[in-house]
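The values are calculated or read from the model by the stated rules, or taken from the named source; none is laboratory data. Only a predicted model underlies this, so the values are computations on that prediction, with no experimental measurement involved. As a convention, Cβ positions derive from the backbone with ideal geometry for all residues, glycine included, and neighbour counts pool all protein chains shown. SASA here: full protein model, heavy atoms, side chains in, ligands and nucleic acids out. Shrake-Rupley method; radii C 1.70, N 1.55, O 1.52, S 1.80 Å.
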Amino acid sequence: MRLPIHAITPETDYAEIVGWVHEVRDLGGLTFFLVRDRTGIVQVTMPKKKVPPAVLEAAHGVSRESVVRVKGPVKAIAKAPGGREIVPDEFEIVSIAESPLPLDVVGKVPAELDTRFDARFLDVRRPRIRAIFFIRSAVIQAATGFLYSRGFVNITTPKVVAAATEGGTELFPLAYFEKEAFLNQSPQLYKQMLMAAGFEKVFEIGPIFRAEEHNTVRHLNEATSLDVEVSFADHNDVMEILEDLIVAVYEHVADLCQDRLADLGVDLKIPERPFPRITYEEAIGIANRALGGNLSFGDDIGTAAEKAIGEAMGEHYFIVDWPTEIKPYYAMPYPDRPEIAKAFDLMHPRMELSSGAQRVHRHDLLVERIRAKGLSPESFEFYLKAFRYGMPPHAGWGLGIERLLMTMLDLGNIREAVLFPRDRHRITP
RNA sequence: GCCCAGGUAGUGUAGUGGCCUAUCAUGACGGCCUGUCACGCCGUCGACACGGAUUCGAAUUCCGUCCUGGGCGCCA
């Protein structure tokens, strides 16, 4: 029976393992193999004079990264990694690896991102890279569990759509039989329509597509968004849900992924609630003081300003009360001060993680807002229709999973947080 | 879209006009080696993105093409 490698201890009598040949050290009369599976690494030690000839022959023909099956008694040896090693009485090559390898799995020689993505399956064999994706899985599990525990309904909305969600971002056009279609940039319109459906609390974790020709360490053309929408809630209510979720995710990872965090060398600090809230005006004030700039009300907060504010804050924080003008049409303006909206961004000191708002739920105001953005209400008819037959007030946000992971694990490039990233230049593998 | 920087063995690098039939490491192959843990030692193999130009001479300068990384704008 196959044993996961981490289950082998110095007390184990006998073990059968299947894994990849991580390293080979041939000392002549004695050969050490390190064999790796997803749980760990174990040393397989072959004294030439003490193992069967068939084992010797198989071991001689094996290459690095081949898949092997090894059976033998386990010996407690203080000098061996993990204090134990297997002396094989069976050694079978299950699948031979070609040589040379496209990149060094052991990590003696670094590889550039591009080389790594060309052979991503090999790259991900490296424990520290694999750790990112085991943690990513834990993040999604924690977020999903948190939302279920709060009574949310998991929804799936279409990725093939007929119209843009908002004016700004570029869409990928698609040949869809005789019609023109696009890949969706956000589930925004659909989750709002499900408020009209009376679902009250929904979430979706799924891909979003942005055809922006940006080339940065924090943008992808296909990203994963965690979207939430809640009826009878305002922006403050959903900000609380968001910070609770962030903390729950960090706690889950800190509790259950200690080994993976160690693989990455990350010392995870759990953010403290409540996250500070600063207004947009305070934010540009901080930026102006730090950079000697002259941002004024209505200007976008650029990268340099964002960085300066992040440094001043030093932890997760919200920027609230944005100018209505620079937020999407669906953000609800304050009734008494319509120039600002009940919109917020969740920021990590390094970058924006999420943005959200209380939404406009009044049909006439929504039409007005759409027009004010220079868009045509006619192309949003399928969406506007949902606002004419009893639409509850509602609020929500969208959170970038890759950015959450990138900031949590201090990754240098957002592509590190995706198994098979899609950027300006890469569509394979 | 605008701007900047790059493309040298399988991988990562050194090399700014002749000292380069190109450095170092890793790797592969062969040899020696019974406690390695980036094992060690000896030997062998393997590369200047492509096209053009300048020059007595180009990996190195110039032009073009292709490819890549990054910054900005915008955003998750």
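For segment A:5-95, relative contact order (Cα pairs under 8 Å, six or more residues apart, normalised by length) works out to 34 percent.
Using the 1.4 Å probe convention, the accessible area of segment A:5-95 works out to 49 Å² per residue with neighbouring protein chains retained.
Between helix A:363-372 and chain A, what is the angle of the helix's C-alpha long axis to the longest principal axis, kept within 0 to 90° and rounded to the nearest 10? It is inclined by approximately 80 degrees. In this simple spin-label model, placing a label point 7 Å from the Cα along the Cα-to-Cβ direction at both A:ASP244 and A:LYS159 gives a separation of 3.0 nm.
Going by Cα centres, segment A:59-112 and segment A:311-333 are how many Å apart? One Cα centre to the other: 52 Å. Against chain A, whose longest principal axis comes from its Cα atoms, helix A:127-149 is set at around 40 degrees. Here segment A:219-376 exposes an accessible surface that is 46 percent carbon and sulfur, computed with a 1.4 Å probe and the other protein chains kept in place. Electrostatic bookkeeping for A:VAL247 treats Lys and Arg as +1 and Asp and Glu as -1; over the other residues with beta carbon under 15 Å from its beta carbon, the sum is -4. The eigenvalues of the Cα gyration tensor, multiplied by 5 and square-rooted, give chain A an equivalent ellipsoid with semi-axes of 51, 23, 20 Å from largest to smallest.
Quick note on segment A:63-133: its Rg to Rh ratio, both from C-alpha atoms and Rh being the Kirkwood radius, is 1.06.
In square angstrom, what is the accessible area per residue of segment A:275-429 with a 1.4 angstrom probe?
Spelled out: the 1.4 Å probe surface of segment A:275-429, per residue, equals 43 Å².
Overall shape: oblate for segment A:161-236, with the ratio a/c of the largest to smallest alpha carbon gyration tensor axis at 1.5 or above and b/c at least equal to a/b. Using a Förster radius of 30 Å, what is the FRET efficiency between A:ALA290 and A:GLU352 based on their Cβ-Cβ separation? Nearest 0.05, please. Once the sixth-power term is evaluated, E becomes 0.95.
When Rg and Dmax are taken over the Cα atoms of segment A:5-95, they come to 11.6, 31 Å.
Applying 1/(1 + (r/R0)^6) with R0 = 41 Å to the Cβ-Cβ distance of A:PHE133 and A:HIS363 gives a FRET efficiency near 0.40.
Across chain A, C-alpha contacts under 8 Å between residues 6 or more apart give a mean separation that, scaled by the residue count, equals a relative contact order of 13 percent.
Where only DSSP H runs of four or more residues are counted, chain A gives -8500 deg cm²/dmol as its mean residue ellipticity at 222 nm, each run worth -39500 (n - 2.57). Summarising the label geometry, the points placed 7 Å from Cα in the beta-carbon direction at A:SER376 and A:ILE93 lie 6.7 nm from one another.
If one takes the longest principal axis of the Cα atoms in chain A, at what angle in degrees, from 0 to 90 and to the nearest 10, does the Cα axis of helix A:303-313 lie? Long axis of A:303-313 versus the principal axis of chain A: about 80 degrees. Placing pseudo-labels 7 Å out from each Cα toward the beta carbon at A:ALA54 and A:HIS6 gives an inter-label distance of 3.3 nm.
When each of the peptides A:146-152, A:236-242 is scored by how many other beta carbons lie within 10 Å of its residues on average, the order from highest to lowest is A:236-242, A:146-152.
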